[in-house]
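Bear in mind that the values in this text are calculations on the coordinates, not laboratory data. All values reported here derive from a predicted model rather than from experimental measurement. Virtual Cβ from ideal backbone geometry, glycine too; neighbours counted across all protein chains shown.
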Amino acid sequence: MAHKYGNEFQKGMVCVMDFRMEHPNPQFARENWINLNGQWQFAFDFGKSGMDRKMYLADEETGRNFDLMINVPFCPESKLSGVAYKDFINAVWYRREVILTPEQLKGRVLIHFGAVDYECHVFINGQEAGRHIGGYSSFEFDITKLVRDGKNIITVYAEDDVRSGRQPRGKQCASYVSQGCDYTRTTGIWQTVWLEFVPDSYVKHIKYYPDIEEKCFYIDCDVNSSGKVDITASYEGRTCGHVSKAVSGSGNKLKLPVDALYLWECGNGRLYDIEIEFTDGNVSDQIKSYAGMRKVGIDGYRFLLNGKSVFQRTVLDQGFYRDGIYTAPSDGALLNDIKISMAAGFNGARLHQKIFEPRFLYHCDREGYLVWGEHGNWGLDLSEPAAFLNFMPEWLEAVERDFNHPSIIGWCPFNETWDYEGKKQNDQILSNIYKMTKALDPTRPCIDTSGHFHVVTDIYDLHNYTQDVAEFNSCYKDFSENGTFREEHPGRQHYTEGLPLFISEYGGIKWDTSSENKDAWGYGEAPKTEEEFIERYKGLTECLLKQPYIMGFCYTQLYDIEQETNGLYDYDRKPKFDMKIFCEINGQKAAIED
C-alpha cells in the first residue's frame with residue numbers, strides 16, 4: 001500500500017536533477033567521479049522496522065517498499081526534496097541504481113556522503129558497506145568488493161531523534177512547530193552523495209601547514225601503499241614550487257617551498273593551486289587541490305592575521321534556506337551569502353550551530369572571508385559523560401576534514417552550554433574536547449564554548465543582547481579603563497586577566513518586513529522606525545569598535561530564518577535597509593587594530 005503522501009508527492013514533484021551537481025570538495029578533487037544527487041527512491045520508516053523487513057536487500061520485491069521519490073541532497077522536510085514532510089521522522093530509507101563499467105572497476109571504488117542526519121547504514125547490493133554516527137560530518141566507505149559490472153543498488157538507512165538528548169541537533173526544533181531561535185528539522189541525506197574511482201594505490205589524506213617566514217608549506221601526506229609523490233604549487237598559472245619524495249603509509253613529511261609569497265588576507269583570498277601525483281610505478285593517482293599562505297595567532301588582547309592585528313567584524317550565519325532547510329538550493333546561493341555579508345561591511349562569520357559543507361568553505365577561501373568552525377551541540381545532554389562519546393568522534397572528523405581551509409581562523413565546538421533539564425554541564429567534557437581540538441590542530445585558537453560556560457579557552461567570548469545603547473556601553477566601561485568587566489555568570493565562569501575578549505553575539509535587533517509573520521521573534525523591543533533601528537545598530541557597534549581591549553564582534557544575524565526576524569536581510573536574502581549604511585558603520589577603524 002502506498003504511503004498517504006505518495007500521490008501528493010508524485011503530483012508536486014520538483015525535479016532538481018541539475019541542482020547541486022558541482023564537485024563537493026574542490027580542495028581534494030579527482031577527475032573520475034560520479035555525482036549521485038538527483039532522484040532516489042524513498043520511504044518513511046516511522047516504526048523503525050525496515051531492518052527487520054530487510055529493506056536493504058537489492059531485489060525487485062524489496063524495491064516495491066520504496067513508495068516515494070526524493071530529490072537528493074535535500075532533506076525530506078524541505079520543499080526542494082519534493083516531500084516536504086514537517087513532522088518528526090524516526091527513520092528513512094533511500095534506494096538508487098547506478099551502472100558501473102569495467103573501466104571504473106579497475107581500481108578502488110569509494111562512496112562519499114557529505115552528511116547524513118543522524119545514524120546511517122549504507123548497503124551495496126544488499127550487503128552492508130558501513131555505519132556512521134553523526135549528522136554533520138562527512139564520511140566514506142570503500143565498496144570495491146561489493147560493486148560489480150553493470151547494475152548496482154545503493155540503499156541508505158538513517159535514524160534520527162532530536163529529542164533523545166544523545167545527539168547534537170543544532171537549531172533543529174525539538175518541538176512540533178518551529179519557535180524562537182529553533183527551526184525546521186533535517187533528517188537523512190542533506191549533502192552531496194558521490195562515487196569516486198581511485199587507483200589501487202592512492203592518496204588518502206593531506207594536510208598543509210603554511211609557514212610565512214620560511215616561504216613554504218609543510219605537508220603531511222598519507223597514502224595507502226608505497227610509491228613516490230610529486231606536489232607542485234602554482235599561482236595564477238605560474239609554477240612556483242615543487243617537491244618530490246618517496247612515501248609509504250601514513251605520516252609522510254614534505255616541505256614545499258614557493259619562490260613568491262602571496263598572502264591570504266581579509267577580502268583577498270589569494271590561493272596557491274596544488275597538484276598532487278602519487279604513483280607506485282604503475283598507475284598514478286592525480287589530485288587537484290589548493291592552499292592558502294596565512295598565519296593566525298594571538299598577542300595579548302589582539303587577534304593576529306599574518307602578524308597584524310585584525311578586528312573581527314563578523315556576523316552570525318546559521319546556514320538555513322527557505323526551500324532547502326540545511327541545504328543551499330545552488331552553489332551560487334552559498335557564494336551569495338558571503339557576498340551579502342561583505343556588502344554589509346562584515347569580514348567574516350560565525351558558522352553557527354552547524355558544520356557547514358566544504359563547498360561553502362571553498363567560497364570563503366576564495367573570497368578571503370574569516371569564519372569560525374562550530375558544531376551544532378544543542379540538544380546534547382552535556383551533564384552526562386556519555387555525551388563526550390557521542391560528540392567527540394564527529395567533532396574530530398570535522399576538524400580533520402576542514403583543517404586545510406585558510407578561511408577557518410578558529411574552532412568553537414560548543415555554544416551556550418545551558419543546563420539540560422536542570423543539570424549542569426560536565427566541565428570535563430568541555431575541557432577534554434578543547435584539549436583534543438588543540439592536539440589535532442595547534443595552529444588555530446579554540447573557544448571551548450561560545451558565550452558560556454567557559455572552562456578552558458584561548459579566547460574569552462561573551463554574548464550580550466542588551467538593547468539600550470547606554471546600558472550596553474556601561475557593560476564595558478571598567479574593562480576599557482582597567483581590564484575588568486561585569487561578569488553575568490560569576491558562579492559558572494571566570495575571566496582570566498589578559499585573555500582576548502570577543503563579543504561573539506550582540507544586537508539581534510528585531511525588524512520584521514513580512515506582514516504574514518504573526519509570530520515574529522527577536523531580541524528585546526523592536527525599533528519603531530528604520531532610523532531608530534540604524535541608530536541602535538550604530539550605537540551598539542561603535543561601542544565595541546572603540547574598545548581598546550576587544551578583538552572583535554559578531555552581530556546576530558545576517559538574515560531572517562523562519563519566525564526569527566533579526567536579520568539585516570530577510571529569509572530570501574533581500575536587504576531590509578540600504579547596506580551601504582551598515583558597511584560604513586562596520587568599516588570604521590577599531591581601536592585595537594593596526
Overall dimensions of the range 232-303 as given by Cα atoms, namely Rg and Dmax in Å = 15.5, 54
query = Going by average Cβ neighbours within 10 Å, how do the peptides 447-457, 575-585, 85-95, 263-273 rank, with the highest at the top?
reply = 447-457, 85-95, 263-273, 575-585
ask   = Using the reciprocal of the averaged 1/r over all distinct C-alpha pairs, how large is the Kirkwood radius of the range 398-473 in Å?
value = 13.9 Å
remark   = Scaled by the rule-of-thumb 2.2 N^0.38 Å, the alpha carbon Rg for the range 16-163 gives a ratio of 1.02
ask   = Cα-Cα pairs above 15 Å in the range 297-366: how many percent?
value = 59 percent
query = How would you order 312-323, 163-174, 470-481 from highest to lowest mean count of nearby Cβ atoms within 10 Å?
reply = 312-323, 163-174, 470-481
For the range 395-403, Karplus couplings with θ = phi - 60° (6.51, -1.76, 1.60), whole Hz, Gly/Pro x = 5, 5, 4, 5, 4, 5, 4, 9, 3
query = What does the highest-first list of 37-48, 372-383 look like by mean Cβ count within 10 Å?
reply = 372-383, 37-48
ask   = What are the principal axis extents of the Cα atoms in the range 400-557, in Å, biggest first?
value = 50, 42, 39
request  = Could you go through the range 190-205 in sequence order and give the Karplus-derived ³J(HN,Hα) for each residue, using 6.51 cos²θ - 1.76 cosθ + 1.60 with θ = phi - 60°, rounded to whole Hz, and x for Gly and Pro?
outcome  = 9, 9, 4, 10, 7, 9, 10, 10, 10, x, 4, 9, 8, 7, 8, 6
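Can you give the charge dipole size of the chain about its Cα centre, rounded to the nearest 20 debye, using +1 on the beta carbon of Lys and Arg and -1 on the beta carbon of Asp and Glu? Kindly include the intermediate steps, with their values, before the conclusion.
Details: 64 positive and 89 negative charges, 146 e Å.
Here the size comes out at about 700 debye.
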key: Per principal axis, descending, Cα span of the range 78-207 in whole Å   = 53, 35, 24
inquiry  = I want the antiparallel fraction of DSSP beta bridges within the chain, as a percent rounded to 5.
reply    = 75 percent
remark   = Computed ³J(HN,Hα) along the range 178-186: with the Karplus parameters 6.51/-1.76/1.60, θ = phi - 60°, integer Hz and x for glycine or proline, the list is 4, 7, x, 9, 10, 10, 4, 6, 10
key: Cβ charges +1 (Lys, Arg) and -1 (Asp, Glu), total dipole of the range 118-253, debye   = 120 debye
P(r) of the range 330-456 over all Cα-Cα pairs, binned every 5 Å from zero, in whole percent = 2, 11, 21, 22, 17, 12, 9, 5, 1
